[in-house]
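The values are calculated or read from the model by the stated rules, or taken from the named source; none is laboratory data. This one's a predicted model, so the numbers in the text were calculated from it and none came from an experiment. Don't worry about glycine lacking a Cβ; one is built from the backbone with ideal geometry, like all the others, and counts go over all protein chains shown.
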Amino acid sequence: MKMAADYSSEGGRATGALTVLGLETSCDETAASVVRLSPEGEATVLSSVVHSQIDDHAAYGGVVPEIAARSHVEMIDGVVRRAMEEAGLTYEALDGVAATAGPGLVGGVMVGLSFGKAVALARGLPLIAVNHLEGHAVSARLGQPVAYPFLLLLVSGGHCQLLEVRGVGEMTRLGTTIDDAAGEAFDKIAKALGLGYPGGPALEKLADTGDGARFDLPRALLGRKDCDFSFSGLKTAAARLAQACETDQQRADLADAVQTAIARQLSERSDRALKAWAEEQPQRLFVVAGGVAANRTVRTTLQATAEKNGFAFLAPPMAYCTDNAAMIALAGAERLRKGLVSDIDTAARPRWPLDEYSALNDPTHAPGRKGAKA
Ligand code: KG4
Ligand code: ZN
């Protein structure tokens, strides 16, 4: 990162609003958005275009990296053009261009980051390389003003973490998954139940007609006092039970049991983190973000846990729970406001822990496939 003095809080530009184009291509959504950040820190989404590749991957039951990268190449031009048109702006109105630089499928990340670099070079704009997870971390600010610091539960297809968020780019990880992410568990169990991809929304729909009370699913890491998660035992048990289901009603009952079990684990670990937070911090705000935050049972369970501990609870608007570029544009604008811009030769990163210090120093989560990914 280098400092751009004229965008910092001391610089002349800091008195005005910042308008930033954001690009997101780290998984199976090609997305572009224009966001305006007021001097007071309020975000206005001027446009948010998301092209989902679900149809391209559906036949394979999951995201195929090569297909994703190729599709991003085909779509990015048109998606960015639409985002600029819907915002009603020309490139002259932009103060910067932000692009996801990781973590994610590196072929896709390279497409958005290269496009962002091209715009930055052609228009003489600063480039802001954004960590995709930092985008999720600020996403609740797209719906309403959210003051720092807050406790964040980030639950998506690739990540499941509890984080203390003190400001943009200032985060400490309090807990993470030691195996699968919550969204991954939703997706894999949905697949075992014969549901399509992405599994989370499909499983939620099936669970609406089920009653999971008769299933006794395993509860992970019960003896531990930390804030870590584990979903692989649940996944294995649920996959075995799915094979034994004979009727649609049985499948719906199992879906309900799985959804409840995932929500319960998220809530139990959050409860520990909330209690520890309350001892040290005066501001009691709990935020949930990421694709799994779109799940109604997860939201209501977490809200109850937050309220029980005397915390306010916030979640992003539904459209900004799953991957989008508005959150990347906002994270970029907040970085730009602080004068944090990137070198034009910034590389795409398949793995990029939000809190690199914890990731490197916690032996349980050494920077290998599982630790750094999570
Ligand atoms: O944040 P996201 O769009 O992408 C990542 O950064 O991973 O999250 C996608 C994940 C998928 O695993 C998807 O199944 C899950 O979020 N998801 C849901 C729901 N909507 C999306 N899981 C449960 N219930 C939902 N309604
Ligand atoms: Zn995401």
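A quick yes/no check of all residues on (1) within 13 Å of ligand 1 (Cβ to nearest atom); (2) within 30 Å of D211 (Cβ to Cβ); (3) in contact (Cβ under 8 Å) with a residue 40 or more places away in the chain:
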{"position": "A239", "(1), (2), (3)": "no, yes, yes"}
{"position": "D253", "(1), (2), (3)": "no, yes, yes"}
{"position": "A257", "(1), (2), (3)": "no, yes, yes"}
{"position": "R264", "(1), (2), (3)": "no, yes, yes"}
{"position": "E280", "(1), (2), (3)": "no, no, no"}
{"position": "R284", "(1), (2), (3)": "no, no, no"}
{"position": "A289", "(1), (2), (3)": "yes, yes, yes"}
{"position": "A325", "(1), (2), (3)": "yes, no, yes"}
{"position": "T346", "(1), (2), (3)": "no, no, yes"}
message = Need pairs with beta-carbon distance below 7 Å; first residue farther than 30 Å from T19 by Cα and within segment 46-63, second of a type in the set (G, A, S) and surrounded by fewer than 15 Cβ atoms within 10 Å (Cβ to Cβ); sequence gap 6+ or separate chains.
response = A58/G196
request  = Run down Q250, Q265 and say which single residue is over 19 Å from I178 (Cα atoms) and polar (S, T, N, Q).
outcome  = Q250
query = Looking at this structure, is L336 more than 16 Å from ligand 2 (Cβ to nearest atom) and either at pLDDT below 95 or crowded, with 24+ Cβ neighbours inside 10 Å (or both)?
reply = yes
ask   = For segment 174-215, how many residues meet the condition of being within 16 Å of ligand 2 (Cβ to nearest atom), assigned to a loop (DSSP other than H, G, I, E, B) and farther than 24 Å from D55 by Cβ?
value = 1
query = What about V341, is it within 16 Å of ligand 2 (Cβ to nearest atom), touching a strand residue (DSSP E or B) at 6+ places or on another chain (Cβ under 6 Å), assigned to a strand (DSSP E or B) and hydrophobic (A, V, I, L, M, F, W, C)?
reply = no
